Amino acid sequence: MLRHLRTTVRHRSTIILWHHHNHYHRSAKYNPPKTANPPSPPKPPKAPQKPQTFTFHDVTWEDPYSWMSSLQDKVAMRHMDMYMEQEEKYTEAVMSDTERLQTKLQSEMASRLNFDLSTPPLRWGPWLYYRRVEEGKQYPVLCRRLASLNEEFISHKSPSSGFDFTSGKRIEQKLLDYNQEAERFGGYAYEELSEISPDHKFLAYTMYDKDNDYFKLSVRNLNSGALCSKPHANRVSNLAWVKDGQALLYVVTDENKRPYRIYCSMIGSTDEDVLLLEEQDENVYVNIRHTKDFHFVTVNTFSPTFSKVFLINAADPFSGMNLVWESEGIVHCVLEHHQGYLYLFTDAPKDGQIVDNHYLLRSPVDSSSNPRIWENVFIGDQNLVIEDVDFCNSHLVLITREGRKYGICSVALPLPGWKQAVHLRELQPHFLPLPKHVCNISPGPNYDYYSKTMRFTISSPVMPDAVVDYDLSNGKWNIVQQQNMLHERTRILYGTALSSAIAEKTTNVKFSSMNNVKSEDRNLWNDLSEFYACEHHDVSSYDGAMVPLSIVYSRKNRKDNQSPGLLHGHGAYGEILDKRWCSELKSLLDRGWIVAYADVRGGGGGGKKWHHDGRRTKKQNSIKDYISCAKYLVEKEIVQENKLAGWGYSVGGLLVASAINCCPDLFRAAVLKVPFLDATNTLLYPILPLTAADYEEFGYPGDIDEFHAMRKFSPYDNIQKDALYPAVLVSSSFNTRFGVWEAAKWVARVREQTIYDPKHPILLNLMIDIVEENRYLQCKESALETAFLLKTVDS
């Protein structure tokens, strides 16, 4: 634009000069400079159409792109490879004018990476366990060292870190080098499960076998470092140690990835592993976990019609399973043991009535009643919701929520032997200090049952995640790991001498009955709220439901009534929308963008009713909630009109794509990451295995009402014809839960049915499989997404 303006001024001055001095220039001819024609925009590829007709219930429809999911058809897959290559070239061509911007963004994001060379050491018994990255290596090493020698161990960053010069002994023990595991598994090291035996002698872990698409179990002797001869099992989904580490229970899945068998393997024995349970009903799923004191292993079996919990005596795993609890339908339930009592944390219906939130029950282990009698621990409080619980030998810790306000409180154990439920306040709970704007609290592994220190990760939209150790005996707290965005460094405290000195200086905060830290203590949290604001709004949806909307922006760079905006959404499985501080989004915030989060129905944070009001036949509520939040941002001039973008990951992609189908002119752009877009076909003809939870969430096609509902919210089936759609970047991969064909089909159909505008490109970005394992590749993908948003919205 500026170049054009300069050219115009130059033309005018030349013409004026000639007009005033024409007697000197009568014979001269003026030749204006030729302006180069802008290059024509690249044309999007056209996917081949091979229409196929489907009929189910009373509906018949045609799908011209169903061939893309014909994985067994070699010809179709060759066509798919060619089409994917065309899509890749088209995306590169469209984004070629942002290459310098992408490089700049990638540099910005890489500079903010959390360069932790080690995770904060976690104490369990006499050992400190941690993972660290060696220079030049891609994958970490699992290590441990004796806590008694930790005084001399100050930093993990120097080459001598594993050597104690005072005693002349190496104090670090390498347990597992994942770089060597990558050599075993074709250059790829992805671990799903990792369990150290309670006697600290063995490590059981599962690694992803990419060639066979399952997780493979291995057990390693921690003293010798050698792999044990057995067990070696494939398709393993769960682990639990028994007999003080002498035996291992594990669960295997069938070919459809349904966990259905439990085996017991005696470590060091040549005997075959013993089958303890096999669920032959294809609708029943099996899960195991050990109680924190390792006295029992709980066996959860569940199906669409029931949920049951069985107990195995860890000292004698062959003595059978005892049923201790059951309920109708799929419910969440976690069982713990403490000094002769079983504690059950569940959201199961009470007296046949659905409850909105979780509650805690207890029953003596040696109860002889049949069925077992469970007593409520707390009297229900509508204002104080218990989101999660954790146990150690001395305390019960509760993660609570009052409205949007999170808290952590501890209650001394054992609980009084009252038969009646009590109010939480009667047990004199101690609330632990927290910063402002907490959006999530996650308990750490907390393996050491007999420790009075418990670890939690505290998350906020305006604070990098803080890993915090709380001493439950005196209320002192210590941030053991947190990235410092202001000083571009990471605070990691190692060595008791160093950490205790800092703790005495900064975090000698006593117990409080309030949920918030005093204002003078907030700077201890590395909070960024001085620079970035977080606001909470309540948005009225189409039916009057109030939808929580969180807004984050830079205090310095926000442009009043002119800011572009990015609206995140998820709204499924009762999961809380991820609103944690994300360093990649800093690049948008610092360019004046508003980042907003819509906690729509179907998601978490509002109880079971909030979840159920946004699933199955009520899925439209989620979509309309998201649209209401988008309109609110524009109408309240928080985001400039025609400068709003949407962002959805996985099932959040369904939410955003459905909102675009309903109101394409409301959004200028959208980013859909590994999205769920072809709901009808995926639920009706699953190619990748689905679980009961998936059908509970999106509906059972066999039910005609639920089938009609999924037809209405399926993004692929509801694309508006002859409408102008926003620019959309769809990122997918062959190694995702929702197949790449879903993204490819949606992109092809949107291009086919909507108005083509090169300023509103529909792009398909094929990510490489290992992007989630490589932080630099993550930066590259985030830089592409951010450049796309800046190009299509802010240009």
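The values are calculated or read from the model by the stated rules, or taken from the named source; none is laboratory data. Since the structure is predicted, the reported quantities are computational estimates derived from the model, not experimental observations. Heads up, the Cβs are rebuilt from the backbone with ideal geometry, glycines too, and the neighbour counts pull from every protein chain shown. Heavy atoms of the whole protein, side chains included, go into the accessibility calculation; ligands, DNA and RNA do not. Shrake-Rupley method; radii C 1.70, N 1.55, O 1.52, S 1.80 Å.
For segment 376-399, enumerate the residues that are in contact (Cβ under 8 Å) with a residue 60 or more places away in the chain, of a type outside the set (A, V, I, L, M, F, W, C) and out of contact with any His (no Cβ under 8 Å at 6 or more places or on another chain).
ASP390, SER394, HIS395
Applying the selection to segment 641-689, what residues are among the aromatic types (Phe, Trp, Tyr) and touching a strand residue (DSSP E or B) at 6+ places or on another chain (Cβ under 6 Å)?
TRP647, TYR649, PHE667
Please work out if LEU248 is touching a strand residue (DSSP E or B) at 6+ places or on another chain (Cβ under 6 Å), modelled with pLDDT under 95 and on the phi < 0 side of the Ramachandran plot.
On the way: touching a strand residue (DSSP E or B) at 6+ places or on another chain (Cβ under 6 Å): yes; modelled with pLDDT under 95: no; on the phi < 0 side of the Ramachandran plot: yes.
When the stated conditions are applied, LEU248 does not pass them.
Using the structure shown, decide if GLU781 is open to solvent by 20 Å² or more (accessible area, probe 1.4 Å), modelled with pLDDT of 90 or more and over 28 Å from ILE594 (Cβ atoms).
Spelling it out, it is not the case that GLU781 is open to solvent by 20 Å² or more (accessible area, probe 1.4 Å), modelled with pLDDT of 90 or more and over 28 Å from ILE594 (Cβ atoms).
Which ones in segment 335-368 are open to solvent by 40 Å² or more (accessible area, probe 1.4 Å) and not in a strand (DSSP E or B)?
GLN339, PRO349, ASP351, GLY352, ILE354, ASP356, ASN357, HIS358, VAL365, ASP366, SER368
If the requirement is being within 26 Å of PHE318 (Cβ to Cβ) and open to solvent by less than 20 Å² (accessible area, probe 1.4 Å), which of these qualifies: LEU217, LEU193, LEU227, LEU176?
LEU217
Considering only residues that are part of a strand (DSSP E or B), in contact with a Leu (Cβ under 9 Å, 6 or more places away or on another chain) and of a type outside the set (D, E, K, R), which ones fall in segment 269-306?
Answer for segment 269-306, where residues must be part of a strand (DSSP E or B), in contact with a Leu (Cβ under 9 Å, 6 or more places away or on another chain) and of a type outside the set (D, E, K, R): LEU276, VAL286, ILE288, HIS290, PHE296, VAL297, THR298, VAL299, ASN300, THR301.
Across segment 556-572, which residue is nearest to the chain's Cα centre (by Cα) among those that are modelled with pLDDT of 95 or more and open to solvent by 10 Å² or more (accessible area, probe 1.4 Å)?
Going through the qualifying residues, I end up with HIS570.
Within segment 673-725, take every residue that is hydroxyl-bearing (Ser, Thr, Tyr) and outside any helix (DSSP H, G or I) and give me the one that is nearest to GLY653 (Cα to Cα). Walk me through how you get there before you give the answer.
If we filter segment 673-725 for residues that are hydroxyl-bearing (Ser, Thr, Tyr), which is where we start, we get 680, 682, 685, 691, 695, 700, 714, 716, 725.
Right, trim to outside any helix (DSSP H, G or I) and you get 685, 691, 700, 714, 725.
Numbers: TYR685: 20, THR691: 19, TYR700: 20, SER714: 11, TYR725: 15 Å.
Here the residue is SER714.
Residues to consider are ARG289, ARG258; find the one that is assigned by the TED database to the domain that holds SER319, open to solvent by 30 Å² or more (accessible area, probe 1.4 Å) and under 22 Å from GLU328 (Cα atoms). Before the answer, list the steps.
Numbers: ARG258 fails: open to solvent by 30 Å² or more (accessible area, probe 1.4 Å).
Within the list ARG289, ARG258, the selection yields ARG289.
State yes or no: is GLY605 out of contact with any His (no Cβ under 7 Å at 6 or more places or on another chain), modelled with pLDDT of 95 or more and not acidic (Asp, Glu)?
On the way: out of contact with any His (no Cβ under 7 Å at 6 or more places or on another chain): yes; modelled with pLDDT of 95 or more: no; not acidic (Asp, Glu): yes.
Here the answer is no, as GLY605 does not meet what is asked.
Condition (residue is open to solvent by 50 Å² or more (accessible area, probe 1.4 Å), of a type in the set (Phe, Trp, Tyr) and in contact (Cβ under 8 Å) with a residue 40 or more places away in the chain) applied to segment 74-83: is it met by at least one residue?
no
Taking segment 375-412 only, how many residues are crowded, with 17+ Cβ neighbours inside 10 Å and either farther than 19 Å from PHE431 by Cα or among the aromatic types (Phe, Trp, Tyr) (or both)?
3
Here is a list of conditions, (1) open to solvent by less than 40 Å² (accessible area, probe 1.4 Å); (2) modelled with pLDDT under 95, and TYR553 meets all of them except one; can you say which number that is?
Evaluating TYR553 over (1) open to solvent by less than 40 Å² (accessible area, probe 1.4 Å); (2) modelled with pLDDT under 95 leaves (2) as the failure.
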